[in-house]
1. What about residue 158, is it touching a residue at least 40 places away in the same chain (Cβ under 8 Å), outside the structural domain of residue 50 (by TED's automatic domain parsing) and closer than 27 Å to residue 188 by Cα?
2. Need a quick list: helices (runs of 4 or more DSSP H) entirely within region 1-117 having at least 1 residues that are at pLDDT 95 or above.
3. Exactly one of (1) within 21 Å of the chain's Cα centre (by Cα); (2) among the hydrophobic types (A, V, I, L, M, F, W, C); (3) surrounded by 19 or more Cβ atoms within 10 Å (Cβ to Cβ); (4) not in a loop (DSSP other than H, G, I, E, B) is unmet by residue 145. Its number?
4. Please work out which residue is farthest from the ligand (Cβ to nearest atom), limiting yourself to region 282-319 and to residues that are farther than 26 Å from residue 29 by Cβ and part of a loop (DSSP other than H, G, I, E, B).
5. Which residue, of 136, 146, 120, is away from the ligand (no atom under 14 Å from the Cβ) and in contact with a helix residue (DSSP H, G or I) (Cβ under 6 Å, 6 or more places away or on another chain)?
6. Out of all the residues in region 233-256, which are closer than 19 Å to residue 144 by Cβ and assigned to a strand (DSSP E or B)?
7. Specify the residue that is nearest to the ligand (Cβ to nearest atom); the eligible residues are those in region 172-211 that are in a loop (DSSP other than H, G, I, E, B) and aliphatic (A, V, I, L, M).
8. Select from region 104-137 the residues that are crowded, with 23+ Cβ neighbours inside 10 Å and under 25 Å from residue 283 (Cβ atoms) and list them in ascending order.
Amino acid sequence: MALATETELRTEEQQQLVEEIKRLRAERHAVILAHNYQIGPIQDLADFVGDSLGLAQAATRTDAPVIVMCGVFFMAETAKILNPTRTVLIPDTRAGCSLADSITADQLRAWKAEHPGAIVVSYVNTTAEVKAESDVCVTSGNAEAVIRSIPEDREILFCPDMFLGSYLERITGRKMHVWMGECHVHAGIRPEEIDAKLARYPDAELMIHPECGCSSRYLWAQSTCAVPSVSQKVLSTEGMLRHARQSDKRTFLVATEVGLLHRLRKEMPEKRFEAADDGAVCRFMKMITLSNLRDCLRDLRPEVNVAPDIAERARMAVERMLAIKP
Ligand code: SF4
């Protein structure tokens, strides 16, 4: 009898883990929510896959007593804020976010003190404490609509993503005070790397996430003719999926975390999707694995909790975000 190869053994082990997770999910009456940047096998078994806004919306729709967030910590906190009576779990509490860590509640309070009366708009990639200090949260999917909904005579403090903030200033024509935070993954995507990929796929359409360090620099470079003109769109992750479904183009370069490629390729196998930068990998997102997801469902921990007074204030900012459609 032929011996199983290492790959076959790994596949078999993975399949066993997937079956165990499905069994435990049913036993626990749990729902598994997964971000677009999760590994493929987790996206494949999740009850819902989406971006931060989609995950928050899914968290409001479910009546499952246990919510498992396969994403980063602030996403689990958001699910808890919206579902204070449910058990919210995250398979690895170390799954943080460099962008969320770029502003603390103390820093935001000090900034607000310098601009009394300003409206605080926080990207959803923030801690529960920062959300509690904010007037409204946004995702890249609805940020433009939120900014446009704010009366012209109000000052805006936008945090923490400087690239998304400067992109929003450009497309809305609205001057804001923008916090100088960034995501290490998106900021690491360089225009030179995009140029090299465009040279390899000259007919491709470029889809850029507005958090991308390259987006503002790349768009500026285009406007000064410093780089060749290409077909490009600045889109949230869900926007990329919607756009690719409708586009006549066959090939796309995707400037965001590489996990999104799994969903794009799965949903549109007839089209070609390539990473604008193969190194755009979020190590925090990849901390969630099949085995720690299995352990989390088996042991019902680690549980995520948010202090009730913080959750109550943060909920108002998150609910305003959910009320404003992209
Ligand atoms: S990709 Fe960036 S913004 Fe998203 S979770 Fe990772 S560090 Fe945070």
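1. Details: touching a residue at least 40 places away in the same chain (Cβ under 8 Å): no; outside the structural domain of residue 50 (by TED's automatic domain parsing): yes; closer than 27 Å to residue 188 by Cα: yes.
No; evaluated as a whole, the condition is false for this residue.
2. The qualifying helices (runs of 4 or more DSSP H) are 6-28, 40-45, 73-82, 105-114.
3. For residue 145, the exception is condition (3).
4. Taking the candidates together, the pick is 307.
5. Sole residue among the options that is away from the ligand (no atom under 14 Å from the Cβ) and in contact with a helix residue (DSSP H, G or I) (Cβ under 6 Å, 6 or more places away or on another chain): 136.
6. Scanning region 233-256 gives 233, 234, 255.
7. In this case the residue turns out to be 189.
8. Scanning region 104-137 gives 122, 123, 124, 125, 126, 127, 128, 130, 131, 137.
The values are calculated or read from the model by the stated rules, or taken from the named source; none is laboratory data. Nothing here was measured: the structure is a model prediction, and the numbers come from that model. Reconstructed Cβ throughout: ideal geometry from the backbone, glycine too, with neighbour counts over all protein chains shown.
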